[in-house]
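Asks: The structure that follows is given in the form of structure tokens.
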Amino acid sequence: MKTGIALAWRVLSHGTSRVVTGHANTGKYHAGGISQFHTSLAHHKPTFLTSSREAVADIHDGASILVGGFGICGIPESLIAALVEKGVKDLTIYSNDAGVHDFGIGLLIERKQVKRVVGSYMAENPEFGRQYFHGECELELTPQGTLAERLRAGGAGIPAFYTPSGYGTMIHLGRTLRFDANHNPVIRTKPKESREFDGKNYVLEEGITADFALIKAYKADRAGNLMFRKTARNFNVPMCKAASTTIAEVEEIVETGEIDGDDVHVPHIYVQRIIQCERLEKRIHKITLHQDDKTPVRTLTEAAKEKERIREKIVKRVALEFRDGMYANLGIGMPVMAADYIPEGMRIILHSENGVLGLGRFPTEEEVDADLINAGKETVTVVPGASFFASDESFAIIRGGHLQLTVLGGMQVSQFGDLANWVVPGKRLNGMGGAMDLVAAPRTKVVIAMTHCTKTGESKIMKECTYPLTGKHCVDMIVTEKAVFNVDKEKGLTVVEIADGVSMEDLKQTTDCEFHVAEDLKPMRSVYWDVKSSNWICERPCLLHTSPTHHKSTFLTSSREAVADIHDGASILVGGFGAAGVPESLIAALVEKGVKDLTVYSNDAGMPDYGLGHLIARNQMKRFVGSYVGENPEVSRKYYAGEIELELVPQGSLAERIRAGGAGIPAFYTPSGYGTMIHLGRTLRFDANHNPVLRTEPKEARDFKGKNYLLEEAITADFALIKAYKADRAGNLIFRKAARNFNVPMCKAASTTIAEVEEIVETGEIDGDDVHVPHIYVHRVIQCEVLERRIHKLVLHHDDQTPVTTLSGTALKDEHIRERIARRVALEFRHGMYANLGIGMPMIAADHIPEGMRVTLHSENGLLGLGRFPTEEEVDADLINAGKETVTVIPGASFFASDESFAIVRGSHIHLTVLGGMQVSQFGDLANWVVPGKKMKGMGGAMDLVATTGTKVVVTMTHCTKTNESKIRGECTYPLTGKHCVDMVITEKAVFKVDKEEGLTLIEIADGVSMEELKRTTDCEFHVAEDLKPMGSI
């Protein structure tokens, strides 16, 4: 092998995931003198087992378990059966629902193996309700969307977040967890903290993690990547990520590489054990079939006919609320009947909480699919252009205000729009399901469809609700068989339509609160069947109805047309990472348009002659918010000259803030940046004399379970400019490889998303399981006019035929030092480990991974499974690492968006992070992103990488600066990357272990370095290990 003496760093830095050559005799690297002081890391590679018994063997009494599925769709049948057989007890189960009494979780409940259930809906299992009310088990009811987001947060390292769901209800104010045998409440939850953001109230919810997750997937490859089918994705996906041990049962196992990296739904980093299904009943809860003219007509009693007539009258009026291009969610029962009255030619896209956009009719017998159900657990079909997603994404759509209309049933509605529709005290236990989330969504019109009175003649419209609330001040319209009311949250009800045959006196007598009467009160309207056109016809809708904002994706022919309404002062999200996935055509159109005073959110500022660099060079940008500007020195110059505002944000915080904006979460807590200028405040703008004139306020900090976190607020914008690989005519998007990056979360956080794509295909050509961004987020689509696909840093693979660069003098000495450090870092690798190696010296360590040792490399820009640098033939502009260098990937690699990438980081799923350093303090503070007074670059993802719990952080650096100042100091003098975050420091002179309270301990010292020299060149005190060893090397 060519040695470091004759190789420049670029040649050494192949970015390989395994080593091909090494030791002179064996061709392999060997560990030399491995220190016994290395932190023992919990690491894994997915294990394939032959039985469910073996898979659950270590699940113990009292364990907490996440169980995937929705109803009985996508439940891990084999694993649950093994748990039943094992007989473990006192379990805490997190699941959307309690299953049915004789299947799935119901079997565990029936055998009284469950101590506590946390879920959203219990109605299908009366035995669980009986046990709860008799004090035999505990129940924590949680809104379905909140449950999904709490699971997502737990897996993503977010301890808590704010949500509007449940504010003012028993979820907020407290509810009973356990009764005694006499039905008396004995344990209650404490009231939840609430806070106002932008005039709206939110509840603080904490993340959920558990000991185990039992998951059902469709397919796994031998690397451990998972894929799901249709609505069986549901809660399985977020649950995979929130458990210490995830056990997946799958229908099919394929070889590594047979699942394309772009099609992976759950990367193998989240999966510890896999079995193939031993039992695959795939029971269907509610088989509901399509009714046509040949279906036998039911014979109804007169009372049933009258009930049917009333229901039909209500839903025909509800159907007038539909508008072409609208996205709507129709609740179980009467609301979903309104779909039968959508006029032909009107495009209404129906959303279902369990993870589907584009519901169709009920299936024929031949079309029934156990993996395709609606939120009512009924079998369904989907329309062309439909897409499937997990429950956390489904409720991000809801909570983010992306639906225009929600229609729900009601038990009671108050004068000012409070709703109660999920439980009658003293009667059967149900649960709120997704209702609390649906009614709390902003910009979504909430229509309640219900009979005017109960069966006993009591009004359902009342001054105050007497049943437990679903939401406060949440209803916009009430439709009954007697009238239509508009709801003003301050002024109360106004009757705007009254049914034929109903007098005002009758309406007042049957309505248990006061109401106003519209000046232009109209007869109650309805859709009607037009025989001539064989279609439902909408009568002219009442002008007083709220006009919802709705859209369908519009395909335009030019980028000029696409950006025509972007105005001076607009806020814009711009996708891409370096030069990968940049919307070149749209940026060029903005430059040509000449708009100015823009606020731009992007990961980085591009290059001086590419992408955002053009907007910056032409002074069109007022403010830039991003994580890295190092490739565009013009930003630094303008910032210090007072020509532009610059808000630097840790890359993971930026991705999550954008994701939160699109998901309707106003703020969340993150460990990234605590104790740094991100937390304490930093300069946004200088004046022309380099004096700070505008600073950020310090951020709120808070302790959760002994660790400090910062409150970060969501980002939304007027526009998003996105680059995708392909769109279908419905507007669904897919991306290629590392070009997904920031594009995906940005699609979801803008009022108007404009996507430029390389290819447009017909609706249906993108499978619903393969959609990366559903069309609900996409407003305009153009085909790329400019497609340079520039590569920022073209780095090629070097083999034995590559010409050798000869080094001498200082360069040769520096190379020796870097090689020594990298070889010592390599001793920290363990088989099955997931690692993130920073730019520069840390990445060299990958060249020294011994053959046969499986270390999977993660890259912040959305890759898991980095390989070597490419040959010329393998170069792909959509495949780069976090340093913007061209790379390849290994078999079993997967790609994901930036928010998911940093969920992996922040959630401590990475075992080892190796970064370069400028300074490390005695107690583990790190500074590695800026030298005051020099060019501003940014922190990129470093603040996120060092803030995680459970990830070993190793800092590699030369012991001293070029001017012989020690980099290991009592306190850092440069701006911090993180406080008390470093676990180990490796220099060419020594290896130090870092204790955050006791300080540094020297555990290894390099040959030729004396203790006197080390003390002289280390600017702080340190302990010396009793069994100090020579510095190890691979």
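The values are calculated or read from the model by the stated rules, or taken from the named source; none is laboratory data. Worth saying up front: this structure is predicted, and the values here are computed from it rather than measured. Because the Cβ atoms are built from the backbone with ideal geometry, glycine has one as well, and the counts that use them run over all protein chains shown.
Asks: In region 312-328, how many are in contact with a helix residue (DSSP H, G or I) (Cβ under 6 Å, 6 or more places away or on another chain) and among the β-branched types (Val, Ile, Thr)?
Replies: 2
Asks: To continue, here is another question. I'm checking my understanding of the structure. Among residues of region 985-1020 that are in a strand (DSSP E or B) and small (Gly, Ala, Ser), which one is surrounded by the most Cβ atoms within 10 Å (Cβ to Cβ)?
Replies: 990
Yes/no matrix, rows are residues, columns are (1) under 27 Å from residue 633 (Cβ atoms); (2) part of a loop (DSSP other than H, G, I, E, B); (3) hydrophobic (A, V, I, L, M, F, W, C):
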{"residue": "900", "(1), (2), (3)": "no, no, no"}
{"residue": "915", "(1), (2), (3)": "yes, no, yes"}
{"residue": "933", "(1), (2), (3)": "yes, yes, no"}
{"residue": "936", "(1), (2), (3)": "yes, yes, yes"}
{"residue": "948", "(1), (2), (3)": "no, yes, no"}
{"residue": "963", "(1), (2), (3)": "yes, yes, no"}
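Each row is one residue, and each column tells you yes or no for (1) crowded, with 18+ Cβ neighbours inside 10 Å; (2) over 17 Å from residue 585 (Cβ atoms); (3) at pLDDT 95 or above.
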| residue | (1), (2), (3) |
| --- | --- |
| 727 | yes, no, yes |
| 732 | yes, yes, yes |
| 745 | yes, yes, yes |
| 754 | yes, no, yes |
| 758 | no, no, yes |
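Asks: What residue, among those in region 446-471 that are touching a residue at least 60 places away in the same chain (Cβ under 8 Å) and touching a strand residue (DSSP E or B) at 6+ places or on another chain (Cβ under 8 Å), is surrounded by the fewest Cβ atoms within 10 Å (Cβ to Cβ)?
Replies: Restricting to residues being touching a residue at least 60 places away in the same chain (Cβ under 8 Å) and touching a strand residue (DSSP E or B) at 6+ places or on another chain (Cβ under 8 Å), the top hit is 468.
Asks: Does residue 666 fit the bill of being under 15 Å from the mean Cα position of the chain (by Cα), surrounded by fewer than 23 Cβ atoms within 10 Å (Cβ to Cβ) and in the same structural domain as residue 777 (by TED's automatic domain parsing)?
Replies: yes
Asks: Another question about this same structure. Could you say whether any residue in region 626-646 is among the aliphatic types (A, V, I, L, M), outside any loop (DSSP other than H, G, I, E, B) and within 23 Å of the chain's Cα centre (by Cα)?
Replies: Looking for residues that are among the aliphatic types (A, V, I, L, M), outside any loop (DSSP other than H, G, I, E, B) and within 23 Å of the chain's Cα centre (by Cα), one finds none in region 626-646, hence no.
Asks: Keeping to region 592-614, report how many residues are outside any strand (DSSP E or B) and either free of Cβ contacts under 8 Å to residues at least 24 places away in the same chain or buried (at least 24 other Cβ atoms within 10 Å of the Cβ) (or both).
Replies: 8
Asks: Could you list, in sequence order, the residues of region 917-931 that are surrounded by 22 or more Cβ atoms within 10 Å (Cβ to Cβ), outside any strand (DSSP E or B) and not acidic (Asp, Glu)?
Replies: 917, 924, 928, 929
Asks: Additional query: Need a quick list: helices (runs of 4 or more DSSP H) entirely within region 82-174 having at least 2 residues that are assigned by TED's automatic domain parsing to the domain that holds residue 190 and surrounded by fewer than 20 Cβ atoms within 10 Å (Cβ to Cβ).
Replies: The qualifying helices (runs of 4 or more DSSP H) are 105-110, 126-133, 170-173.
Asks: Please enumerate the residues belonging to region 680-712 that are assigned to a loop (DSSP other than H, G, I, E, B) and of a type in the set (A, V, I, L, M).
Replies: 688
Asks: Which ones in region 313-361 are among the acidic types (Asp, Glu), within 23 Å of residue 764 (Cβ to Cβ) and under 32 Å from the mean Cα position of the chain (by Cα)?
Replies: Once the filter is applied, which keeps residues that are among the acidic types (Asp, Glu), within 23 Å of residue 764 (Cβ to Cβ) and under 32 Å from the mean Cα position of the chain (by Cα), region 313-361 yields only 324.
Asks: Continuing with the same structure: Which of the residues that make up region 487-504 are in a loop (DSSP other than H, G, I, E, B), in contact (Cβ under 8 Å) with a residue 24 or more places away in the chain and either surrounded by 15 or more Cβ atoms within 10 Å (Cβ to Cβ) or among the small types (Gly, Ala, Ser) (or both)?
Replies: 499 - this is the single residue of region 487-504 that is in a loop (DSSP other than H, G, I, E, B), in contact (Cβ under 8 Å) with a residue 24 or more places away in the chain and either surrounded by 15 or more Cβ atoms within 10 Å (Cβ to Cβ) or among the small types (Gly, Ala, Ser) (or both).
Conditions tested, residue by residue: (1) at pLDDT 95 or above; (2) of a type in the set (D, E, K, R).
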position: 544; (1), (2): no, no
position: 585; (1), (2): yes, no
position: 589; (1), (2): yes, no
position: 607; (1), (2): no, no
position: 618; (1), (2): yes, yes
position: 624; (1), (2): yes, no
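Asks: Just need a number here: residues in region 979-999 that are touching a His at 6+ places or on another chain (Cβ under 7 Å) and among the β-branched types (Val, Ile, Thr).
Replies: 1
Asks: I need a count of the residues in region 195-223 that are in contact (Cβ under 8 Å) with a residue 60 or more places away in the chain, among the aliphatic types (A, V, I, L, M) and within 22 Å of residue 105 (Cα to Cα).
Replies: Counting residues in region 195-223 that are in contact (Cβ under 8 Å) with a residue 60 or more places away in the chain, among the aliphatic types (A, V, I, L, M) and within 22 Å of residue 105 (Cα to Cα) gives 5.
Asks: A follow-up question, please. In region 338-374, which residues are small (Gly, Ala, Ser) and assigned to a loop (DSSP other than H, G, I, E, B)?
Replies: 345, 355, 360, 370
Asks: Out of all the residues in region 713-751, which are part of a loop (DSSP other than H, G, I, E, B), small (Gly, Ala, Ser) and in contact with a Ser or Thr (Cβ under 6 Å, 6 or more places away or on another chain)?
Replies: Correct list: 730, 731, 749.
Asks: If you don't mind, another one. Sort out which residues of region 152-198 are among the aliphatic types (A, V, I, L, M) and farther than 28 Å from residue 947 by Cα, and write them in order of number.
Replies: 170, 171, 173, 177, 181, 186, 187
Asks: Please tell me if residue 927 is modelled with pLDDT of 95 or more and over 30 Å from residue 256 (Cβ atoms).
Replies: Judged against the criteria, residue 927 is a match.
Asks: Looking at 648, 654, which one is closer than 30 Å to residue 981 by Cα, surrounded by 24 or more Cβ atoms within 10 Å (Cβ to Cβ) and in contact with a Gly (Cβ under 6 Å, 6 or more places away or on another chain)?
Replies: Exactly one residue qualifies, and that residue is 648.
Asks: In contact with a helix residue (DSSP H, G or I) (Cβ under 8 Å, 6 or more places away or on another chain) and under 19 Å from residue 409 (Cα atoms) - does that describe any residue in region 484-492?
Replies: Yes - at least one qualifying residue is present in region 484-492.
Asks: Quick check on residue 525: is it within 27 Å of residue 351 (Cβ to Cβ) and either within 41 Å of the chain's Cα centre (by Cα) or at pLDDT 95 or above (or both)?
Replies: no
Asks: Could you tell me which numbered condition residue 94 fails, if it satisfies all but one of (1) in contact with a Lys or Arg (Cβ under 8 Å, 6 or more places away or on another chain); (2) aromatic (Phe, Trp, Tyr); (3) under 20 Å from residue 243 (Cα atoms)?
Replies: (1) is the only condition that residue 94 fails.
Asks: Hey, another quick one. State whether the residues of region 237-250 include one that is within 16 Å of residue 55 (Cβ to Cβ), over 26 Å from the mean Cα position of the chain (by Cα), among the β-branched types (Val, Ile, Thr) and assigned by TED's automatic domain parsing to the domain that holds residue 77.
Replies: Checked region 237-250: no residue is within 16 Å of residue 55 (Cβ to Cβ), over 26 Å from the mean Cα position of the chain (by Cα), among the β-branched types (Val, Ile, Thr) and assigned by TED's automatic domain parsing to the domain that holds residue 77.
Asks: From 186, 203, grab the single residue that is modelled with pLDDT under 95 and assigned to a strand (DSSP E or B).
Replies: Matching residue, one of 186, 203: 186.
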